[in-house]
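The values are calculated or read from the model by the stated rules, or taken from the named source; none is laboratory data. The model shown is predicted, which means the values in this text are computed figures rather than measured ones. In this analysis, Cβ positions are derived from the backbone assuming ideal geometry, glycine residues included, and neighbour counts consider all displayed protein chains. The accessibility values were calculated without ligands, DNA or RNA, using every heavy atom of the protein model including side chains. Shrake-Rupley method; radii C 1.70, N 1.55, O 1.52, S 1.80 Å.
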2 protein chains.
Amino acid sequence: MVKKSETSGRLDDAARAGWLYYVAGRTQDEIASSMGISRQSAQRLVSLAVAERLIKVRLDHPIAACLELANAVRNKYGLRQVDIVPSDPGAGAATVGIAEAAAAEIERWLKKTDPIVLAVGTGRTLKAAVDQLPAIECINHRIVSLTGNIAPDGSAAYYNVIFSMADAVKARHFPMPLPVLVTSAEERETLHAQQLVRSTLDMSAQADVTFVGIGELGIDGPLCVDGFLEKDEMMELMDNGAVGEICGWIFDSEGKLLDNPINERVASAPIPSRETSVVIGIGKGKRKMKAIKAAVTGHQINGLITDEEVAEYLLT
Amino acid sequence: MVKKSETSGRLDDAARAGWLYYVAGRTQDEIASSMGISRQSAQRLVSLAVAERLIKVRLDHPIAACLELANAVRNKYGLRQVDIVPSDPGAGAATVGIAEAAAAEIERWLKKTDPIVLAVGTGRTLKAAVDQLPAIECINHRIVSLTGNIAPDGSAAYYNVIFSMADAVKARHFPMPLPVLVTSAEERETLHAQQLVRSTLDMSAQADVTFVGIGELGIDGPLCVDGFLEKDEMMELMDNGAVGEICGWIFDSEGKLLDNPINERVASAPIPSRETSVVIGIGKGKRKMKAIKAAVTGHQINGLITDEEVAEYLLT
DNA sequence: TTTGCTCATGGGCAATTACTCAACCGTAAG
DNA sequence: CTTACGGTTGAGTAATTGCCCATGAGCAAA
């Protein structure tokens, strides 16, 4: 009781201070005196509210330039939905902006009243987006993971986003109790034949909407950084024309899935049908340009959330 | 074309600047140089984005709703201070939450360094609040009771809170050595003329801040339960339009003190001026709704601590 | 009880932001 | 051509905010 109530009491104070500051527009001095604390403490509470992600900021204006780019990209590649966020010239964090936009889009789907199946892939950008989600209750929806949640070392993979999502969203969650890569095509068959896995795979195939991160290849790409592939395996893949991956499925610059030993070992569910559902890819930045272009060219995805920089590249 | 596109172009710029500022977290200087404008112009664009409500800020915490309600109630009734605590739909205890909030507010006043006079009324809620107070030493302050401390049967009234307060707070205390109700207006005159009573009454009139419980009428209300009024007296009062009481002072649904024999026998000090001091009423729950609405409507109080349920009722 | 550690606090200061004011630009009316 | 006006700009300045640091309270281990 003591420790708990004190901690949450502090968060309550942070929320109150943050509200007074951002919503009511008071200065930190006013907040301090009205809450009976020092200005510095008020400042700390406000920044705590930000750090704890209690404060959500969203921009409610279609910036003309981004809208035009989005239209052009949608038409050129025949996508169902495109969101472009402004590029941040100063650069920096790879998920600034795009995470908020993706969160807004996820939220839009979750707020539907008709029950939906929402599938999620993996990736740092998607994780950042999910972290932006507010608390939502949507008990009618089901959320299913396309990718396994077990890393090469046997631990739960950090960037498996479905668990982060479960923190914020009250809906039924279906993780995929598999490694991301298995040792052989035969092992994959065996594992996928299990009843529990089978039903999750079936559900993912019925997804109404899917959010996936788009990963670039290279020794700095997620597959290597997270230890799924060795450096030399990666080099060989790239020599064979691989440029990107979604949920571990590796594709070439045409967006065709490669017919190689790695893809035979990917235990992820297939990317849901682009005919019957909306599959939204998320990614931005120079390093992902080629992968994104390939994904939209080969129709691995039919929706895209990215930034101006990538959008302009897609239009060249 | 010229005027229109320039205006919307300006809004676009504002949106972009606002995005860079709030979402990307860049400084106005950085925004200025990246957009090729002066720092002042960047600042203007950011504030324009706020003024045009392009920037939506949301606080993702249960307390946000309470703060919104508090603001609305404060504005609607012209109150100086409003605190709203979350309603606890499940639990029944009438003092859950509100007591802690009231205690925090009392503490805030007691921590002031300038000497103040703090007046207290009576009531179960106020008692519960005072029980939440930590030990404080504030020898510069004076605490004065508005109500008598003698019950109808001659015992010390349990819900006279000043004695509970004395347990926790080291400050000079001034109880009111009177019954709550006397037998006639004449007796009240006589008692109030006593030197000791006189000086306490004078002090209460100078209160900087006052905390009072708001009591509902009815045969289950405090005046009946504690034996101050008989059932038939209560029925008659209610027939005459009485809906609530503060320190025994009975008022109608407009918040006007009733001109009746009961009020002539109330020995409590008058409620301190709402012009010169802060008078904070405390109460929550369905049964007190009418009384609370009357009290704020008739400006018997200019501050309020209550719960969401009552706040919503006050706004209808 | 002492010691060492963590963490919240408030003071102080530098960075950042908001506001005021005079000047300026383009336009339209006289 | 002049004048008045609405709106914008940059400079300057006051207000506000972010951050570092010394301090002290609280607490657990010795």
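Scan the stretch B:124-134 and give yes if some residue there is open to solvent by 20 Å² or more (accessible area, probe 1.4 Å), on the phi < 0 side of the Ramachandran plot and within 16 Å of DNA strand C (Cβ to nearest atom), otherwise no. Yes: the stretch B:124-134 contains one or more residues that are open to solvent by 20 Å² or more (accessible area, probe 1.4 Å), on the phi < 0 side of the Ramachandran plot and within 16 Å of DNA strand C (Cβ to nearest atom).
Checking the stretch A:84-92 against the condition returns a match, with at least one residue being of a type in the set (A, V, I, L, M) and modelled with pLDDT under 85. Evaluated against (1) part of a loop (DSSP other than H, G, I, E, B); (2) at pLDDT 90 or above; (3) among the aliphatic types (A, V, I, L, M), A:Leu133 falls short on exactly one condition, (2). Cβ-Cβ below 7 Å, separation at least six or inter-chain, first residue in the stretch B:248-270 and farther than 15 Å from B:Val182 by Cβ, second of a type in the set (Phe, Trp, Tyr): which pairs? Once the first residue is farther than 15 Å from B:Val182 by Cβ and sits in the stretch B:248-270, its partners that are of a type in the set (Phe, Trp, Tyr) give B:Leu257/B:Trp249; B:Leu257/B:Phe251; B:Leu258/B:Phe251. Within the stretch A:61-85, residues that are farther than 14 Å from A:Ile305 by Cα and within 14 Å of another protein chain (Cβ to nearest Cβ) have Cβ atoms under 7 Å from residues that are outside any loop (DSSP other than H, G, I, E, B) and open to solvent by 40 Å² or more (accessible area, probe 1.4 Å) in these pairs: A:His61/B:Leu11; A:Ile63/B:Arg16, counting only partners at least 6 apart in sequence or on another chain. Number of residues in the stretch A:1-49 that are under 26 Å from B:Ala17 (Cβ atoms) and at pLDDT below 85: the value is 3.
Taking each residue of the stretch B:30-51 that is charged (D, E, K, R) and looking for partners that are open to solvent by 50 Å² or more (accessible area, probe 1.4 Å) and near DNA strand C (Cβ under 8 Å from one of its atoms) with beta-carbon atoms closer than 7 Å, six or more apart or interchain, yields B:Arg39/B:Asp29. Considered as a group, the residues in the stretch A:13-33 that are hydrophobic (A, V, I, L, M, F, W, C) and within 35 Å of the chain's Cα centre (by Cα) include one that is farthest from the other protein chains (Cβ to nearest Cβ), and that residue is A:Ala17. Against the conditions (1) at pLDDT 90 or above; (2) touching a His at 6+ places or on another chain (Cβ under 9 Å), B:Val296 satisfies every one except (2).
Restricting the search to the stretch B:101-112, which residues are open to solvent by 60 Å² or more (accessible area, probe 1.4 Å) and at pLDDT 80 or above?
Scanning the stretch B:101-112 gives a single hit, B:Arg108.
Which numbered condition trips up B:Pro134, out of (1) within 12 Å of another protein chain (Cβ to nearest Cβ); (2) within 16 Å of DNA strand D (Cβ to nearest atom)? B:Pro134 satisfies all of (1) within 12 Å of another protein chain (Cβ to nearest Cβ); (2) within 16 Å of DNA strand D (Cβ to nearest atom) except (1). Within the stretch B:178-200, the set of residues being out of contact with any Phe, Trp or Tyr (no Cβ under 8 Å at 6 or more places or on another chain) and closer than 20 Å to B:Leu229 by Cα comprises B:Leu178, B:Pro179, B:Val182, B:Thr183, B:Ser184, B:Ala185, B:Glu186, B:Glu187, B:Arg188.
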